[in-house]
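Report on the following structure.
The values are calculated or read from the model by the stated rules, or taken from the named source; none is laboratory data. Just so we're clear, the structure is a prediction, and the values are computed from it rather than from any experiment. Neighbour counts are summed over all protein chains in view; Cβ atoms, including those assigned to glycine, are modelled from backbone coordinates with ideal geometry. Side chains are part of the model used for accessible areas, which takes the heavy atoms of the whole protein and leaves out ligands, DNA and RNA. Shrake-Rupley method; radii C 1.70, N 1.55, O 1.52, S 1.80 Å.
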Amino acid sequence: MDEDRVIFLDTTLRDGEQAAGAGMSGEEKLEIARQLERLGIDIIEAGFPASSQGDFEAVQTIAREIRKPTICALAHANPNAIDRAWEAIKDARQPRIHVFLSTSDIHIMHQLRRGKEEVMDQAVENVRRAKGYTDDVEFSPMDATRTEPGFLYAMLAAVIEAGATTINIPDTVGYAIPEEFGKLIAGIRENVKGADKVRISVHCHDDLGMAVANSLAAVKNGARQVEGCINGIGERAGNAALEEVIMGLETRRDFMGVSTNIDTKQIYRSSRMVSDITGFPVQPNKAVVGANAFRHASGIHQDGVIKERSTYEIMDPQEIGLPSNMLVLGKLSGRAGLRSRLEELGYQLSTEQLAQVFERFKGLADKKREVTDRDLDLLMREEYRAIKEAEPYKLEHIQFISSSTDIPTATIRIIDPSGRTISEAATGNGPVDAVYNVINRVVGVPNQLLDYQVQAVSGGMDAVAEVTVRIESNGVVSVGRGSDTDTLSASAKAYMNALNRLIAMGGGQPATTVATP
Ligand code: KIV
Ligand code: ZN
């Protein structure tokens, strides 16, 4: 093991997906996995195969397609879950099984309801079972930070003896304080027999807002694997935000003294993709990837940055791959210019795709004088949605009437799944309500609107508006996005996108699942 290198296990597709309302389709998980590979993530925790058939299939697809990182599947410490995990990842180039079992008194007494010895035997037997399938076995004593240290040490020594190669210390309920958590890791290294032969990992939750700080304290004390999620999504308050841990290690290499395998230039794109797919917007003041993270409002700061960037910026925005807000293309730009700029942003397009994107670009350039990198990024995400997603209903045209005296009215033309063109009109309490009423009238899928958000991309009066909507039908949550220089058009596109996705997910049929950790 390279003592000075920290590796990352990304669990966006597993713990991240456990965030309330963050359901992702198999295709979307694969898309994120591809991006995590580009980012240089060492291990992708692709899912929890025993939890549902859908999760099993998503893990299997990722294991078969993604070749560079290790592909990990989570399993309860029970034989069926482990067999199922192996079945899902056995075609991976480097498969890992991650076995977990609670070790704190609170969990053992109230949840597992059995003796500590029995719990220890269960952990050992199941680590052995996993080891029968693959050499690469991770074990997590769930709720480690509230586990009595003597029992924790004994448990870890026993699973190492049984073959675990990574021992992961989860702060399952986000209870630890950095100094204390660092000491816990140091204590494990000192007191657990065999700890020097395995990799020590940490998995921190953010209930007290300390997941990233705890992860860094653990690294300082010898942990060499950090687990977390892009944008810090995850169960309850989420997991450690990996982009923050990565930039903490990179920016303060002088203090932390470790390196990583990460291509930091892929951070921004990873963050956007996860936000786009889950429908969880990134808060503007979010560290590293928030819209304001590199914006200077104070005159003194602006003056400093103009004279010398490092006066008020500790990271170079280019280091995280942040698209610049400079004018890049305009109305007169041609295909070659568009292709070359998109390639610089990391998008490779076939000639056909380029033709399609060029049409959209021309439409945008007609409405907006300056097309920035951020606009192009948004345009590509729209394009990605159009290519990847089945669109049973296609929105052809939309028109609004709204003034201080008229009743807001929306008129639309939609092509239905049989290819028929339908025109309809409806009124509403406001313009957005009118848009949603008229779409509902045509599509006829009953649903509840859970959330509606508008964000302006790239600033200025002609900024592109990006709308995110979250809808629910029969327990199935669907997220839709749409962007346009006109907010109402963006709202219509977002709602249509959410409905199409809901229909693709089975129109709200309840899924059969097993409880997640
Ligand atoms: O938070 C937790 O304890 C987990 C384990 C399954 C590692 O997610
Ligand atoms: Zn967790």
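Points worth noting:
- Cβ-Cβ under 7 Å pairs, at least 6 apart or on other chains, segment 165-194 side assigned by TED's automatic domain parsing to the domain that holds Arg128, far side modelled with pLDDT under 95: Gly174/Ala237
- Any hit, segment 89-97, residues being in the same structural domain as Glu138 (by TED's automatic domain parsing), without any contact (Cβ under 8 Å) to a residue 40 or more places away in the chain and within 16 Å of ligand 1 (Cβ to nearest atom): no
- Residue count for segment 118-158, restricted to those that are in contact with a strand residue (DSSP E or B) (Cβ under 8 Å, 6 or more places away or on another chain) and outside any helix (DSSP H, G or I): 10.
- Members of segment 171-190 found to be out of contact with any Leu (no Cβ under 8 Å at 6 or more places or on another chain), open to solvent by 30 Å² or more (accessible area, probe 1.4 Å) and within 16 Å of ligand 1 (Cβ to nearest atom), listed by number: Val173, Leu184
- Between Val159, Val173, Val127, Val137, the distinction of being at pLDDT 95 or above, within 16 Å of ligand 2 (Cβ to nearest atom) and closer than 21 Å to Glu227 by Cα belongs to Val173 only.
- Tally of residues being among the β-branched types (Val, Ile, Thr) and open to solvent by 20 Å² or more (accessible area, probe 1.4 Å) across segment 125-158: 1
- The residues of segment 217-229 that are within 11 Å of the chain's Cα centre (by Cα) and either under 10 Å from Ala19 (Cβ atoms) or more than 15 Å from ligand 2 (Cβ to nearest atom) (or both) amount to a single one, Cys229.
- A single entry from Asp121, Asp105 fulfils the requirement of being touching a residue at least 24 places away in the same chain (Cβ under 8 Å) and either more than 21 Å from Ile277 (Cα to Cα) or in contact with a helix residue (DSSP H, G or I) (Cβ under 7 Å, 6 or more places away or on another chain) (or both): Asp105.
- Options Val212, Val202: the member that is among the β-branched types (Val, Ile, Thr) and outside any helix (DSSP H, G or I): Val202
- Residues that are crowded, with 21+ Cβ neighbours inside 10 Å and either not in a helix (DSSP H, G or I) or not β-branched (Val, Ile, Thr) (or both) within segment 159-170 comprise Ala164, Thr166, Ile167, Asn168, Ile169, Pro170, listed in sequence order.
- Single match in Phe280, Phe255 (criterion: open to solvent by 10 Å² or more (accessible area, probe 1.4 Å) and under 29 Å from Asn221 (Cβ atoms)): Phe255
- Candidates Gly428, Gly419, filtered to the one that is over 32 Å from the mean Cα position of the chain (by Cα) and buried (at least 17 other Cβ atoms within 10 Å of the Cβ): Gly428
- Given (1) over 30 Å from Ile277 (Cβ atoms); (2) within 16 Å of ligand 2 (Cβ to nearest atom); (3) open to solvent by 30 Å² or more (accessible area, probe 1.4 Å), index of the condition Leu208 fails: (1)
- Number of positions in segment 230-252 that are surrounded by fewer than 17 Cβ atoms within 10 Å (Cβ to Cβ) and away from ligand 2 (no atom under 16 Å from the Cβ): 2
- Just one of the listed residues (Leu450, Leu395) is open to solvent by 70 Å² or more (accessible area, probe 1.4 Å), in the same structural domain as Lys493 (by TED's automatic domain parsing), in contact (Cβ under 8 Å) with a residue 60 or more places away in the chain and under 21 Å from Ala498 (Cβ atoms), namely Leu450.
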